[in-house]
Structures are given as C-alpha cells and as structure tokens.
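Engineer: Below is the structure I would like to discuss, written out as structure tokens.
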C-alpha cells in the first residue's frame with residue numbers, strides 16, 4: 001500500500017511529488033497517457049513559450065519546463081508511472097484506484113488532474129494551435145507575435161471580457177466575437193469592454209475557420225442571421241469559452257461545484273473526504289496559472305503529510 005498516490009502530471013502534481021518525496025513519503029505519481037486529451041505534462045505541453053514562470057528570465061518552452069519539473073520530482077524520490085487512472089473507490093480506507101491493468105491502494109490521494117480548455121473544432125484549429133491560437137491570454141498574450149497586432153477573442157462571458165481587456169495592453173486592436181446580440185458577462189465587465197476604445201465587438205457572429213501560412217494570419221466568421229462570411233485579419237485567436245475540469249473518473253465521490261470543479265476547504269487543499277486532497281486547475285477556475293498550480297501542489301503535499309502524521 002502507498003502512503004500517497006498523486007494523480008496528474010502538471011505543475012501541481014510534480015510540486016506535490018517533490019514535497020512528498022522530500023518528506024520521505026515515497027509518493028507514486030500517475031502521469032496519465034493522454035489523459036483529458038493532453039499529453040503527460042498537462043496544459044503546458046501545448047504552450048510554446050512560457051515567460052511568466054519565475055526563475056527563467058529568458059523564458060522557457062512549456063514542454064521543457066514540464067520535463068524539468070518531472071526530473072526534479074524523480075530526483076527527489078517520486079516514482080512516476082505513465083498510466084491513466086480509470087476509476088477510484090474513495091468510500092473506504094485505504095483508498096483504491098485502478099489503471100487498465102491493476103489496482104493500487106493508498107492512505108492519501110492528491111488529485112491534480114487539471115482542466116482542459118474547451119476547443120471549437122473549427123477548420124484550421126489543429127494547424128494553428130499554439131501558432132496563433134491559444135486558450136490563455138494571460139499565458140500567451142505578451143508574446144512577440146501578438147504585440148501591436150490585431151487579436152481576436154471568442155466568447156461572451158466574464159472570461160472573454162477579461163481576456164479582451166488584458167490583451168489591449170499588447171494588441172493594436174482586440175476584436176471580440178460574440179455569437180449572440182448581448183454579452184453574458186457581469187455588468188461591470190460589459191461596461192469595461194464596451195467603453196474600451198481598443199476593443200471592437202462583432203455581434204451575432206460565429207467562428208468558422210482559421211487560416212494562415214506558418215502562423216495564423218486571419219479568421220473567417222459567419223453572420224448568424226444572414227449567413228454572410230467575413231474575413232478578419234489577425235495574428236492571434238484566443239478562445240474564452242471555458243474549461244472542463246478532469247473529474248469524470250471520480251464518479252462524483254468527491255464534492256464538486258456546479259461546473260465539475262473539486263470543492264476544497266478555503267485556505268487548504270482538503271476535499272469533502274478526509275485524506276483526499278486536490279490542487280491545481282482541477283479545483284481552481286479563477287487563476288489557472290502554472291505558478292499558482294505549483295503553489296497549491298506544495299499545499300496539498302503539506303496537507304497530506306499532516307494528515308498522515
């Protein structure tokens with residue numbers, strides 16, 4: 001039986017692995033095989049350049065950063081298996097988890113499975129993902145390819161308005177593509193967007209296609225009423241249509257909020273089940289940054305160590 005099983009492979013999981021290993025808890029980490037549709041390493045493996053993670057003044061690629069974190073966890077003593085946890089039984093102690101091959105038992109479990117950005121599946125999306133298309137303006141908006149260029153944001157909620165406002169620091173213009181005739185965002189966020197001279201809203205429009213050469217150069221949008229197609233030149237396309245937390249495998253055994261994120265006790269990583277902890281984007285739908293995920297991974301490790309003590 002294991003002291004700690006960590007499920008996940010991003011900054012939260014590997015930080016939890018580093019801390020629990022240094023506490024001599026001999027953690028077993030399941031990094032997954034394309035779990036949530038993303039390679040081991042999580043969302044950062046789909047990011048080209050990371051410029052906002054401390055310690056890398058010249059930036060670092062997302063995949064390279066995750067390789068370094070993984071190596072550090074292993075060097076500290078974490079054991080990492082490239083297996084996906086298919087289901088869990090949290091109804092009794094010790095807790096049980098299953099891959100497609102066998103069962104494992106643990107005294108504590110740290111869930112760090114993250115959240116996957118919703119994609120739209122439009123023509124050209126796969127070609128230009130991270131070559132002009134992103135799901136995180138805060139992560140990617142300051143990159144040189146986007147500076148002083150027209151940028152497009154798709155969405156109509158608070159996230160879309162926040163991303164559009166953020167991008168005005170770097171863009172020559174931000175075009176907000178909204179599929180309705182009104183925004184779903186809060187009144188404050190709506191006012192902020194509507195009064196910003198660098199934001200232009202295209203109402204009643206849907207994204208149809210992403211086009212370019214080596215990088216994205218334009219998008220094609222369709223008017224929902226008339227069906228008319230319009231080409232919009234842009235160097236960047238940012239999706240702000242939400243994320244899906246990777247919690248389906250839990251089978252609702254842990255308390256989740258209305259959108260599927262794990263609920264933790266404020267100021268801790270404790271879940272509704274003693275001995276089960278959650279960290280990173282699987283329980284954080286507000287910040288969603290590598291550095292905050294790593295911080296919460298540290299918290300989960302310390303919470304697990306305290307629980308075992």
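Engineer: Could you please find all residues in region 210-235 being assigned to a loop (DSSP other than H, G, I, E, B) and touching a residue at least 12 places away in the same chain (Cβ under 8 Å)?
Structural biologist: To start, the set of residues in region 210-235 that are assigned to a loop (DSSP other than H, G, I, E, B) comprises 213-215, 224-228, 234-235.
Answer for region 210-235, where residues must be assigned to a loop (DSSP other than H, G, I, E, B) and touching a residue at least 12 places away in the same chain (Cβ under 8 Å): 214, 215, 224, 225, 234, 235.
Engineer: Among the residues of region 171-200, what is the count of those that are under 18 Å from residue 218 (Cα atoms) and in contact with a helix residue (DSSP H, G or I) (Cβ under 7 Å, 6 or more places away or on another chain)?
Structural biologist: Within region 171-200, residues that are under 18 Å from residue 218 (Cα atoms) and in contact with a helix residue (DSSP H, G or I) (Cβ under 7 Å, 6 or more places away or on another chain) number 4.
Engineer: Now a separate question. Can you give me the number of residues within region 265-284 that are in a loop (DSSP other than H, G, I, E, B) and buried (at least 21 other Cβ atoms within 10 Å of the Cβ)?
Structural biologist: We begin by selecting, within region 265-284, every residue in a loop (DSSP other than H, G, I, E, B); these are 265-269, 271-275, 279, 283-284.
Subsequent filtering for residues that are buried (at least 21 other Cβ atoms within 10 Å of the Cβ) retains 269, 271, 279, 283-284.
The total comes to 5.
Engineer: Assuming residue 184 fulfils every condition listed in (1) in contact with a strand residue (DSSP E or B) (Cβ under 7 Å, 6 or more places away or on another chain); (2) under 30 Å from residue 281 (Cα atoms); (3) at pLDDT below 95 apart from one, which condition is it?
Structural biologist: Here residue 184 clears every test but (1).
Engineer: Next question. Could you say which residue among 238, 249 is part of a strand (DSSP E or B) and touching a helix residue (DSSP H, G or I) at 6+ places or on another chain (Cβ under 9 Å)?
Structural biologist: 238
Engineer: Given the condition within 23 Å of the chain's Cα centre (by Cα), closer than 21 Å to residue 298 by Cα and modelled with pLDDT under 95, answer yes or no: does some residue in region 117-124 qualify?
Structural biologist: Scanning region 117-124, I find no residue that is within 23 Å of the chain's Cα centre (by Cα), closer than 21 Å to residue 298 by Cα and modelled with pLDDT under 95, so the answer is no.
The values are calculated or read from the model by the stated rules, or taken from the named source; none is laboratory data. What you are looking at is a predicted structure, and each value in this text was computed from that prediction instead of being measured. Positions of Cβ are generated from backbone atoms using ideal geometry, with glycine treated the same way; all protein chains shown enter the neighbour counts.
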